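Quick note: the coordinates plus some simple rules give every number you see, no bench work behind them. Everything numeric here is computed off the predicted structure, so don't read it as measured data. Cβ placement follows ideal geometry from the backbone for every residue including glycine, while neighbour counts extend to all protein chains displayed.
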């Protein structure tokens, strides 16, 4: 895994999306609405997803389904992806959670929902992507119901999109992309050439060549 | 009031939300969607609400209901909370309004709607929270209809939430929380211990203790 | 045109919106939801619109309607206004497009949809306003269908608002305003006095005069 990630390291979310589009993966793997809330040194997230599902308390069984606290189950070298029920005013993630992830050597946090303690996230230099911010802990309204299972994305324009265990999450200032694990090697294989063509196109166009001519020449067709 | 506010001063919106949640107040008093638009020296808002209701011009009576200009009625030592009709493209608040509030010694502005003149707000170092930004004055579409009355919050996920005269508004980078005036003293009473437990939890977790063990020991239960 | 634009240069989007409101133009020309994504040296956009319509691929005719690549058709001294279908997760504009516009001497880009390569936009010091950000190219879902025609704005609170060829777009930190070309001269005519009254009002209010008295005296009525 580390070898795969180091090969992805030089590329941004848009590069990866281009590769996934080339491989006919819908939306180039883009997960709409998830934004970097704690600009850290790198401003980036990169690693395999450990998805956690939160459900509304109405669905809570009488016995706890997740023993202890879910955050203690997040392994090293992974990115927590927390899927919250839509339209929740409460936050489902805060500063103490990041302290735990940092301690165990996890790689970052994505919350499809609200995050709180944002100054503490920044102070800890912890990369957090989220849909929105909030102030109030979530236990009043929801609970962690399942660990490391496929979870739904709450993006109105992407019904049915799921995030799966082991998907490689790549996030930066443009947003977050998920590479399905079975496509990771293919993405890595085509990324260098795609990025090289992109750089060449940019140079051509900056030099005054038309985009039509540039794309026809460099890409063999008008659009990527 | 000043004595109460000085006791709240050291705490953030998340701390206050934790206290309100402990007191079973819904959503910990969070008012979703209201964000700091003019990062001032403190980046904070703290003070009792003076709520003003704006209504669409369709509801405007033939005689003015608010004599003069509503902004002249906002008292010193209070925070203007302006509730605008939902889905208005026009702004309902601008730079001259802040100049007035600054002059009379008010404490800040929250607009449940759009604010304009944002560079002027920043230049005046005036704390403004709002739902969104805009360019166009509101008089084309709406008017100030009632002063210092309970007003509705326009948060899709919080139907029925009201902001009341004298609610203590506490806002920072995470968002805005309203403390109902009848709960202020209780909040102040429990805040120091809650914040101390929080600090101790953070230190424990940073030191490598599991969150489950930490919360069980420090909070007597798994979640706050 | 250059003479007109230089007369608009000293004013911000709010000033222009005030002038358009005075001329009874709806919403003061405000185009809700379009925000500056690449704070450039000036943080501003000013110039006549060259609108381009994108449609979903379902509406794509068998023969290309726009020859070559649409971006090559954007002329110097104009602002590209790109109208994308609503609720598209894909971006419809990226870094290479800005390189082209920069080369031909265009003035900026407004995307009523998602933009990608945001760090590249910033690196190029290119002013881009957009509704949102994204990572994935748009060709999977949509295509450029018409150039330099009236296009719809995707603002839920402004149904029916169109952006027309030659509308003067004025954008800054507060947002984007479109001046219909037939109103440009009138706007320019009344702007200096409106802005002067505004400055005088601000000074009066900062000096302690009530807003009611100030507006009555300076504007001849309570609201602008």
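Shape call for the protein assembly as shown from the C-alpha gyration tensor, a ≥ b ≥ c root eigenvalues: rounded (a/c under 1.5), prolate (a/b greater than b/c) or oblate?
Details: a/c = 2.09, a/b = 1.00, b/c = 2.09.
It comes out oblate by the Cα gyration axes.
Measuring from centroid to centroid over Cα atoms, what is the spacing of region C:180-204 and region C:86-134 in Å? So the two Cα centres are separated by 31 Å. Using a Gaussian network model on chain C with a 10 Å cutoff between Cα atoms, which of C:168, C:71, C:179 fluctuates the most? In the Gaussian network model the winner is C:71. Taking the DSSP beta bridges with both ends in the protein assembly as shown, the antiparallel portion is around 55 percent.
Per-residue mean of other chain beta-carbon atoms within 10 angstrom of the beta-carbon, peptide A:181-188? Before the final figure, lay out each step's value.
Details: counts 0, 0, 0, 0, 0, 0, 0, 0.
Mean partner-chain Cβ count within 10 Å for A:181-188: 0.
With angles folded into 0 to 90 degrees, how steeply does helix C:95-104 sit against the dominant principal axis of chain C? Use alpha carbons for both and round to 10. In chain C, helix C:95-104 runs at an angle near 70 degrees to the longest axis. What is region B:25-140 by shape, rounded, prolate or oblate, if you read a ≥ b ≥ c off the alpha carbon gyration tensor as root eigenvalues and call it rounded for a/c under 1.5, prolate for a/b larger than b/c, and oblate otherwise? The shape class here is rounded.
Just from its helices, what would the mean residue ellipticity at 222 nm be for the protein assembly as shown, if runs of 4 or more DSSP H residues each count -39500 (n - 2.57) and the sum is divided by every residue, rounded to the nearest 500 deg cm²/dmol?
On the way: 18 runs with 195 residues, N = 672.
Helices in the protein assembly as shown give a 222 nm mean residue ellipticity of -8500 deg cm²/dmol.
Highest mobility in the GNM of chain A, judged by mean-square fluctuation with C-alpha springs under 10 Å and restricted to A:87, A:117, A:15, is found for A:87. Short-range pairs are left out: with C-alpha atoms under 8 Å and at least six residues apart, the relative contact order of chain A is 28 percent. Compared with the dominant principal axis of the Cα atoms in chain B, helix B:13-22 is inclined by about 70°. Seen against the Cα atoms of chain A and their longest principal axis, helix A:184-206 is set at about 50 degrees. For the segment A:117-128, counting C-beta atoms of other chains within 10 Å of every residue's C-beta and taking the mean gives 2. Please compute the contact order of region C:45-101 in relative form: average sequence separation of alpha-carbon pairs under 8 Å and at least six residues apart, divided by the residue count, as a percent. So the answer I get is 50 percent.
Would you mind putting A:148-161, C:73-86 in packing order, based on average other-beta-carbon counts within 10 Å, highest first? Before the final figure, lay out the partial values.
Working: A:148-161: 15.9, C:73-86: 21.0.
Put in order of decreasing packing, that is C:73-86, A:148-161.
For peptide C:203-212, the mean count of partner chain Cβ atoms within 10 Å of a residue's Cβ comes to 6. Within chain C, DSSP assigns beta bridges of which about 55% are antiparallel (rounded to the nearest 5).
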